[in-house]
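Working notes, structure below.
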Amino acid sequence: MKPDFVQEFPPPPDLYAVDRALHAELARRLPKEVMAKVGPRFEAVGKASAGELAQLVNEADAQPPVHVPFGPFGRRIDEIRTSRAWEAMRAFSATHGIVAAGYDQSLGEHRRVVQAALLHLFSASSAIYSCPLAMTDAATRVLLDLAPPALRDRLVPRLTSTNPASFITSGQWMTERTGGSDVSDTSTVARPLGGDRYALSGVKWFTSAVTAEMALALARIEDDGKMVMGSKGLTLFVVDVERKPEGGLKNIVINRLKDKLGTKALPTAEIELQGVVGYRIGEVGRGVANIAGMLNITRFYNSIASASVAHKAQAWARAYSQKRVALGASIAASALHARTLDDMEAETAGVLALCMEVASLMGRAEAGVATDDEKRRLRALIPLTKATTGKQAVVVASEAIEVFGGAGYCEDTGLPVLLRDAQVLPIWEGTTNVLSLDVLRAEKKAQAYSAVLADLTARTEKLPAALPKRGLEALRGAVAALRALVTESMKSGSVEVNARKIGLTTGYCMEAMLLGENAAFGGADGGARFERFALVHFER
Ligand code: UCC
């Protein structure tokens, strides 16, 4: 009997120091000279995850943003008051160059791998500041690809700044009351003001990071009372979000903040545009195709957010297991519990491996060195990765809570927030089914899925026989079954109804194959991790 027993809570782990899977990825993907240059940046963010960020994330979650619609004498002010901690996350992101890394030409084709590692270490400790960063990065990409030089040169240096005083963020105003998946009924109207300037009016239903200084918005041009309906009538605009001296936003009313399941620190609002000025970018009527470039970046961020939350959850679960004694022994010493922790770690490593494959392809594409086959694979892998990893993040976060038992179910351990925040990942920027259909769209347009399947098959065949035999057989069997499913679905006309199964299975097979490659590359525990992953997913 120990009536005064109090369980010791593990200190937050340094998420870089404990991340064996990330170390293996970096050893494989970054040349030594690049690693020597960026390694200290990873160490700094890892150290902060056990210190400064661990404090800030609790503070930001405890002090969610508040919408103040009116001033003391009734003037409409629409202020969004965010916490000191949320502001500190903004400064941290800028100083550590999280968006900037993706555009750092000195990193060559490795820019997105470096960025993915930074984001992986930061995202789950950022109170979802990674969401505004996702949109900021995506806006940068779109501006670089489409904006006229003057607009691009005014905004891009600030979106990619490493100086908190000049760093700005961007929103993405796409979703309306008719929905986020189908934007064809967008009712926001853009009326010409002359040149590329338009006045935008309409309601945007989910605008995350409403405190951003600019946004990309979809709207339908109305000229002389005429409009083109459907997706083909949509055009993309850049909006400067200006603040009025007396408070509030110029020509934008904030209707309310969303009361969400999680991501509580992130101000997500319903807003009404009342003639706000937007600058057209890209061709008239190509808004959906143009904003798709933005979606590909935000989906990449979403995938890394999944890796990040899974890693943090399993790292905490392991740290706790080393402190927790039950039935007379440390629970970490129990073979059953150790197996559970290893499975969680293998799952997380799979998520990270797929994200790093995407990061590597994206970096190569942006540095102009990707082959046509790599570009095709990237197009299909982005939605496929986002869909697969979002599901896995929820599973690992849930499992971590279970490891903590009843304490994990209580708010003051900081565990429930991981699960709540993870649950947005399969939703934001495309649900699993919408993304599965996007893989089909990419296949129809560019045979992008066929390129992924061919690559997966070839690389699985090439895995060395020295890998754990059961794992290798399980993976090869799963890839053969996947190929049979694809062939059968095409024959029977059931590709669409099977799209989700095909997409997720491809994601898991890719992850296992990549873990096999990592194990072959080196790293003491890579073979075991590969086998755990393959057996959990593929062995019946
Ligand atoms: O609503 C949301 C809020 C969620 C809750 C938020 C909580 C707090 C946030 C927390 C943060 C962590 S999020 C938004 C969710 N919505 C989406 O992600 C959009 C999902 N829908 C799609 O992805 C659709 O596929 C659309 C809208 C992009 C396109 O649908 P359409 O209208 O049917 O368009 P089309 O005709 O299929 O495609 C138009 C063009 C085509 O090019 P062209 O005309 O040259 O043939 C497509 O190939 O766009 C091209 N395209 C793409 N290109 C479409 N998608 C892509 C792509 N991904 N990459 C390249």
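All of the numbers you see were taken from the coordinates with simple rules; none came from a lab. Remember, predicted model here, so these are calculated numbers, not experimental data. Cβ coordinates were reconstructed from backbone atoms using ideal geometry, including for glycine residues, and neighbour counts include every protein chain displayed.
Over the chain, Cα pairs under 8 Å with separation of 6+ residues give a relative contact order of 14 percent.
Using C-alpha pairs below 8 Å separated by at least 6 residues, the relative contact order for the range 25-94 is 23 percent. For the chain, adding -39500 (n - 2.57) for each run of n ≥ 4 DSSP H residues and dividing by the number of residues yields -18000 deg cm²/dmol at 222 nm. Using the alpha-carbon atoms, what tilt in degrees (0 to 90, nearest 10) does helix 32-49 show relative to the longest principal axis of the chain? Relative to the chain, helix 32-49 is tipped by roughly 80 degrees. Compute the long axis of helix 20-29 from its Cα atoms, compare it with the longest principal axis of the Cα atoms of the chain, and write down the angle in degrees, 0 to 90, nearest 10. Between the helix axis and the principal axis of the chain, the angle is about 70 degrees. Phi-derived couplings, Karplus 6.51 cos²θ - 1.76 cosθ + 1.60 at θ = phi - 60°, listed residue by residue for the range 56-70: 4, 5, 5, 5, 5, 6, 6, 10, x, x, 10, 9, 10, x, 10 Hz, with x used for Gly and Pro. Phi angles across the range 347-356 convert, under the Karplus curve 6.51 cos²θ - 1.76 cosθ + 1.60 with θ = phi - 60°, into 3J(HN,Hα) values of 4, 5, 5, x, 4, 4, 4, 5, 4, 5 Hz, Gly and Pro given as x. Extension gain, D182 to A150, is 8.3 nm, computed as 0.36 nm per intervening residue step minus the present C-alpha separation. Taking the number of Cβ atoms within 10 Å of each Cβ as an exposure proxy, the fewest-first ranking of K375, K226, K386, K312 is K226, K375, K312, K386. Once you reduce the range 114-153 and the range 483-540 to the center of their Cα atoms, the two points are 30 Å from each other. For the chain, DSSP calls about 85 percent of its internal beta bridges antiparallel. Between helix 111-122 and the chain there is an angle of about 80 degrees, using the helix long axis and the longest principal axis of the Cα atoms.
Quick check: from the Cα gyration tensor, does the range 1-80 come out rounded (a/c under 1.5), prolate or oblate?
oblate
For each pair in K258/K391; K386/K469; K47/K501; K386/K445, compute the distance between the two Cα atoms and list the pairs where it is over 28 Å.
Table pairs above 28 Å Cα-Cα are K386/K469; K47/K501.
Here L193, L352, L26 are placed in order of increasing Cβ neighbour count within 10 Å, fewest first, which gives L193, L26, L352. Classify the chain: rounded, prolate or oblate, from the alpha-carbon gyration tensor (a ≥ b ≥ c, eigenvalue square roots; a/c under 1.5 rounded; otherwise prolate if a/b is larger than b/c)? Cα axes put the chain in the oblate bin.
Counting only DSSP beta bridges with both residues in the range 170-285, what percent are antiparallel, rounded to the nearest 5? Write out the running numbers ahead of the final one.
On the way: 35 of 41 bridges.
If I count the DSSP bridges inside the range 170-285, around 85 percent turn out antiparallel.
What ³J(HN,Hα) values, in whole Hz, does the Karplus curve 6.51 cos²θ - 1.76 cosθ + 1.60 give for the range 75-81 when θ = phi - 60°, with x put for Gly and Pro? Listing the rounded values in order: 6, 5, 10, 6, 7, 10, 9 Hz. Fully extending the segment from D4 to D224, taken as 0.36 nm per residue of separation minus the present Cα-Cα distance, adds 71.4 nm. Can you classify the range 170-285 as rounded, prolate or oblate using the Cα gyration tensor, where a ≥ b ≥ c are the square roots of its eigenvalues, rounded means a/c under 1.5, and otherwise it's prolate if a/b beats b/c and oblate if not? Taking the square roots of the gyration eigenvalues as a ≥ b ≥ c, the range 170-285 is oblate. With neighbours defined as other Cβ atoms within 10 Å of a residue's Cβ, the residues E429, E345, E176, E473 order from fewest to most as E473, E176, E345, E429. The H on the amide N of R243, modeled in the peptide plane, is under 5 Å from the matching H of K250, each at least 5 residues off or on a different chain.
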